[in-house]
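What follows is one structure encoded as structure tokens, with my remarks underneath.
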Amino acid sequence: MTHSNPAWEIDVSFRCPADDVDARYLKTAVETALRIEQVSRAVLSITLVDDDTIRRIHRDHLQKDCPTDVISFPLDWQHPSRRQPAEGESGRSAGAALEGEIVAGLEWARRAAGEHGWPVHTELTLYVIHGMLHICGYDDLVPQEKRVMQARESAVFRALGYHCVPGRTVGSPSLSGETSPQADSPSGADASKESAG
């Protein structure tokens, strides 16, 4: 795993019953991702919510009136030598200070984990890492970018001791095992990002 960095402030909170969730594990997963992405400073808020809450957030910020898995809100991104995340395969936020919020659907994660036969914490880790990578400047709106983002997710999951990222992308759970088409995301520096892929 990884050691905490005092320049990273990560808060995990619950807005719904979460007896089956280890907040320390989620925090460790995010710290691992921040280390891999070489982020110098970070202030991140991770909130686990029920379907009704994430549906309201999804509707109010992305105009989609349905629950979803995870939504991230990049709030600030600063780097000593550039104005926006670098283009390229990896390291888009290397040396940057970032701030953001990640809202993950716990009820959604429980359903998806049950369908795929792995623990809830594995599903939530996928959501939280995916949301954090959006805050780091990655996106998955076009196939090439989606591949880059999935490679970054794989790097984090390997560092956490998984042999691979769970066998699907973040997105709608379905009985057939397929995921929903990628959702649109608004653009702009402070726009919220939906990470359904």
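Coordinate-derived values only; no laboratory data. Note that the coordinates shown come from a computational prediction; the quantities given were computed from them, not determined experimentally. When we count neighbours, we look across all protein chains shown, and the Cβ atoms used for this are built from the backbone with ideal geometry, even at glycine.
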Env charge @ ALA94, Cβ radius under 14 Å, K,R +1 / D,E -1, value +2
Cα extents of region 88-134 along the principal axes, largest first, in whole Å, come to 38, 22, 13
Simple spin-label estimate for ASP60/ARG147, 7 Å along Cα→Cβ, in nm, reads 3.9
Between the modelled labels at ARG110 and ALA159 (7 Å from Cα along Cα→Cβ) the distance in nm is 3.1
Relative contact order in percent for region 67-129 (Cα pairs under 8 Å, 6+ apart) equals 37
The FRET efficiency for TRP118 and GLU87, from their Cβ-Cβ distance with R0 = 35 Å and rounded to 0.05, is 0.55
Trypsin sites (Lys or Arg not before Pro) in region 13-56 lying in a DSSP loop, each with at most 16 other Cβ atoms within 10 Å of its Cβ, come to ARG15
Expressed as a whole-number percentage, the relative contact order of region 8-167 with C-alpha contacts under 8 angstrom and at least six residues apart is 25
